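Okay, structure first, notes after.
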Amino acid sequence: MSDTEIVASDSVASPARLIDPLVFNIAILVVSSICTTLMCLFGTATNIVNILLFRKQGYRDGVNVTLTALAVSDLGAVIFELVYSTIWNPYILEADLEVSKMAIKYITGYCHEYFTRVSSVITAFAALERCLCVTRPLKVKAMITTKVAIAVNLSIFILYCGYFFPQFYTMDFAWTFLPERNRTVYVVLFTSRNDSMFPISLYFTDMLFPYCTFLMLISCSAILYVKLKSKAKWRRLVSGSGERLSQVATKERKSGLLFMSVSLMCVVFLLPAYLLFTAIIFIKSMALNGYLSDISFLISAFTGLLKTANSSFTILIYYNLSTKYRLEFQKLIEKLKSVVKMRQAETSETQNISSRSLK
């Protein structure tokens, strides 16, 4: 290990805390290890349901392709956050692990961030697509086909892999002997490359790209709102109470509302995390080894819960604003109920046969 490398593990990176350790540990346990873990389990189930239902609806246009891609990235985000929030439990002792908690946190944390950022970009693409459908309906339907939607969403997943480069380029992972624990542990090592890459990582991946995504989401939502409102007013003036035009307007309004809701939820739930990243850039004492680091960790626990909620609550929006989704969901529930009843009947029959044979 060279002189320019720093071992980063929970056992060696523990700056003095402003918050009482007991209060800090209980807060982390409740927010991260309990609430976030439960939210992750809920999000895993809901995103699997989303994938199944969108697949059932088919991919006749690009919308379901994009929403399926969003469900896949959300599923990846909640799975990695589940591991991260579990290992963040302050009562899982570092001494009990062969791999340092910090190493697990970095790997799962960056993977979670990757999927979260991919989700936000896919949401921005979906909002842009819906925005163009309202403003230029004929051109967009011919331009954004199923194949184009697949290509765009796949490109987002692939191109955003570049997010990992500045993160893992600055560190190595190795088995290192720690004298204070008298054992060899798998730890993360920060190299001298960290000094040159860290500013790039912060300013571009944690500020420029996320804020540009949020700007696009807010802009598309605002345009959608204005256009839908003006179209609804125009239809009322032209058609009066025409039933067909009224149905078209309702369908268009619900579709626009769905994408606006998903976009605004993304901004509201993810923005606090990036505001924290921005604060860490300008307030050095909030960084990993700063004297305000415990406050950063505590805020990070809450923002982690919000990010997980963003990846989990889309099912509520789809159910309330999409008639097709709601019907498919109800069919799935009925199918599950019939399977449960069938299993119960089989179990009951088996028990009756067993009781007769005993007699």
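Bear in mind that the values in this text are calculations on the coordinates, not laboratory data. Owing to the predicted nature of the structure, the values given are computational and were not obtained by experimental measurement. Glycine gets a Cβ as well: all are built from the backbone with ideal geometry, and neighbour counts include every protein chain shown.
Quick one: Cα centre-to-centre distance for region 20-86 and region 320-346, in angstrom? So the separation of the two Cα centres works out to 22 Å. Charges at C-beta only: +1 for Lys and Arg, -1 for Asp and Glu. How large is the resulting dipole of region 97-173 about its Cα centre, in Debye rounded to 20? For region 97-173, the charge dipole is close to 520 debye. Among the cysteines of the chain, those with no neighbouring cysteine Cβ under 4.7 Å are CYS35, CYS40, CYS111, CYS133, CYS161, CYS212, CYS266. From the P(r) of region 273-359, can you give the percent of Cα pairs sitting at distances over 15 Å? That fraction is 75 percent.
Legend: calculated FRET efficiency, LYS141 to LYS251, from the Cβ-Cβ distance at R0 = 22 Å, rounded to 0.05, equals 0.90. With 22 Å as the limit, the listed pairs LYS307/LYS337; LYS56/LYS147; LYS56/LYS335 have LYS307/LYS337 beyond it between alpha carbons. For region 165-184, the residues whose backbone nitrogen is under 13 Å from a point 7 Å from the Cα of PHE198, taken along Cα to Cβ, are 170-171.
Ranked by the mean number of other Cβ atoms within 10 Å of their residues, highest first, the peptides 38-49, 153-164, 301-312 come out as 301-312, 38-49, 153-164.
Can you tell me the FRET efficiency between LEU316 and SER285 if r is taken as the Cβ-Cβ distance and R0 is 41 Å, rounded to the nearest 0.05? Once rounded, the FRET efficiency stands at 0.60.
What the phi angles of region 227-234 give under the Karplus curve with 6.51, -1.76 and 1.60, with θ = phi - 60°, is a coupling list of 5, 5, 5, 5, 5, 5, 5, 4 Hz, glycine and proline written as x. Comparing THR213, PRO199, PHE177 along the charge dipole axis of region 84-218, the residue lying farthest to the positive side is THR213, per the Cβ-charge model.
If the segment from ILE333 to SER230 were pulled out straight at 0.36 nm per residue, it would be longer than the present Cα-Cα gap by 33.3 nm. Residues whose amide H falls under 5 Å from that of ALA174, counting only those 5 or more places apart or on a different chain, are VAL187, LEU189, with hydrogens built in the peptide plane.
Listed by chain and number, the lysines placed with their C-alpha closer than 16 angstrom to that of LYS341 are LYS331; residues fewer than eight positions away on the same chain are left out. Assuming charge only on the beta carbon of Lys and Arg (+1) and of Asp and Glu (-1), the dipole of the chain about its Cα centre is about 2720 debye to the nearest 20. From the coordinates of this entry, percent of Cα pairs over 35 Å apart is computed, and it appears in (i) 23; (ii) 44; (iii) 37 under the label (iii).
Projected label points at LEU41 and ASN352, each 7 Å from Cα along the beta carbon direction, are separated by 3.5 nanometres. On the beta carbon distance between VAL340 and VAL30, with R0 = 25 Å, the FRET formula returns roughly 0.15. In order along region 163-178, the phi-based Karplus estimate (6.51 cos²θ - 1.76 cosθ + 1.60, θ = phi - 60°) of 3J(HN,Hα) comes to 4, 6, 4, x, 6, 8, 5, 8, 9, 10, 10, 7, 7, 10, 7, 10 Hz; Gly and Pro are listed as x. Using +1 at the C-beta of Lys and Arg and -1 at the C-beta of Asp and Glu, which of GLY43, GLN344, GLN330 has the Cα lying farthest in the positive direction of the dipole of the chain? Toward the positive end, the furthest listed residue is GLN330.
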